[in-house]
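The values are calculated or read from the model by the stated rules, or taken from the named source; none is laboratory data. All figures in this text were calculated on a predicted structure; none of them were measured in a lab. Reconstructed Cβ throughout: ideal geometry from the backbone, glycine too, with neighbour counts over all protein chains shown.
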Amino acid sequence: MGKKREKKNKAKESSKVQDQKMANAFQHEIALQVQEGNEEPFEEPSSVLEDGKKVSKEMKRSNYKALLEFRCRVEDSILSNYLLGKPSSEEESTEAIQQLKEIKLWGVPLLPSKQHEGTNIVLLKFLKAKDYRVHEAFEMLQKTLKWRKEFNADEILDENLGLDFDSVAYLKSRDKEGHPLYYNIYGALKDKQVQCKILGSEEKHQKYLRWRVQYMEKAIRELEFEAGGTNSIVQIIDLKQSSAPSTKEFRSICRKSWKLLQNNYPQLIHQNIIINVPLWFYISHVFSSRLKAQRKNSRVVIARPGKVTSTLLKFIPAENLPVEYGGLRREDDDDEFSSKDKALVVKAKANSTELIQIPTPEVGVTMVWDLTVVGSWDVSYKEEFIPDDEGSYRVLIQNENHTKKGGSVRNSFYISEPGKIVISIGNLLLKKKKVLYRYKAKPTVPMYVRIKK
């Protein structure tokens, strides 16, 4: 009996290990695990700022020493010409040293004696990726520089890869802390025919990898490796209408691309927000989270379809969040609104009607407004213009007696007399609803004046 129990226990443990590997594989293919250690502060003169925080005051004494050692190692490797490998001759060595003195990574000089404020920020990213082990961080830096030279990464932004991936990935606006937002839309690759069209050959595989690197380099152009600057990005991964990686080629190219980014762009992802998470991914994430002890500061946020807007609004201002995710930002919207036009917030109480009043004292302008309800709408909606003159007529602009399915509302009204625009939102549910809105007056020439001219 004892031997049978031992065999059963071993079988269970083996099954758990296999399930853990499967869950880990799913997560590794979809999102980078961004991790930073929790450490006690050590007071030192502040010489560098990372994401607006004083780096030297956040580090342990040992980590600060590691940074100094890493700086010395990089300085010596440049002046002794072994940063990119051993020189073949003395003449080449002298010429190479002069070139190495000007070497840059992500637009930042690597020679510490140049005293560029971004050098420490870049070196710290490699140190953090290797838990402040100087030798491993230096090897990682060497491999990254060699890879960039072989891959021609510094010139990749000028390449025309002949692929239209605008529906798959794009950069758009910033979060509340100023990090650029990098959107990845995996649902665009859900169809097997599309996958074969994009990834149907080894040549297309290489183009896809170059495209991934090209977009990462575009994101880096938005960063600021300087005191008080933002030097990492927020990645939003949308799994709407996506399925588990179905083809062998797709799984393989996902693994290659993530490995390439992890090895050569350390600590450049500030946070991963994975939204519209399907059941298969959610189960694998929860299951693997229970099986393995994750580090405390892993910055990965998971949002199921019903929580997408509320989750994103925790990190992204409504005026910077695209309308397809429940925000107020629209494509080519500079003529109407910009990110400087901040959204206002009201809360519609349960089973009541909330009134939003937009004053319109100025005549001869067009009032434009945006409005959205966080989450599912489930509200009645009405817009009307109420003049100040009691003898004038009210104007019903829009009336929705039934509940709306969702999305952002934009409307406008020409102001011919002083008054106000009143928006009525009837909350029929037994819980509060958050409403976001903004408005703006635009000078307008009436149509009859244009006709006369």
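In table form, for the structure just shown:
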item	result
Evaluation of residue 332 against (1) exposed (fewer than 14 other Cβ atoms within 10 Å of the Cβ); (2) at pLDDT 90 or above (one fails), failing number	(2)
Among residues of region 170-226, those that are small (Gly, Ala, Ser) and modelled with pLDDT under 80, counted	4
Segments classed as helices (runs of 4 or more DSSP H), wholly inside region 81-157, with at least 2 members that are without any contact (Cβ under 8 Å) to a residue 24 or more places away in the chain and not assigned by TED's automatic domain parsing to the domain that holds residue 218	90-100, 134-151
Pairs where the first residue, in region 345-360, is free of Cβ contacts under 8 Å to residues at least 12 places away in the same chain and in the same structural domain as residue 427 (by TED's automatic domain parsing) and the second is acidic (Asp, Glu) and surrounded by 12 or more Cβ atoms within 10 Å (Cβ to Cβ), C-beta under 6 Å, 6+ apart	none
Test result for residue 62, touching a residue at least 24 places away in the same chain (Cβ under 8 Å), outside the structural domain of residue 263 (by TED's automatic domain parsing) and not in a strand (DSSP E or B)	yes
Selection count where residues are loosely packed, with under 14 Cβ neighbours inside 10 Å and more than 23 Å from the chain's Cα centre (by Cα), scope region 147-175	9
Residue list for region 322-353, filter: hydrophobic (A, V, I, L, M, F, W, C) and touching a Ser or Thr at 6+ places or on another chain (Cβ under 7 Å)	323, 328
Candidate set from region 368-389 (those that are part of a strand (DSSP E or B) and among the hydroxyl-bearing types (Ser, Thr, Tyr)); member that is surrounded by the most Cβ atoms within 10 Å (Cβ to Cβ)	372
Matching residues, region 286-315, being modelled with pLDDT under 85 and in contact with a strand residue (DSSP E or B) (Cβ under 6 Å, 6 or more places away or on another chain)	299, 300
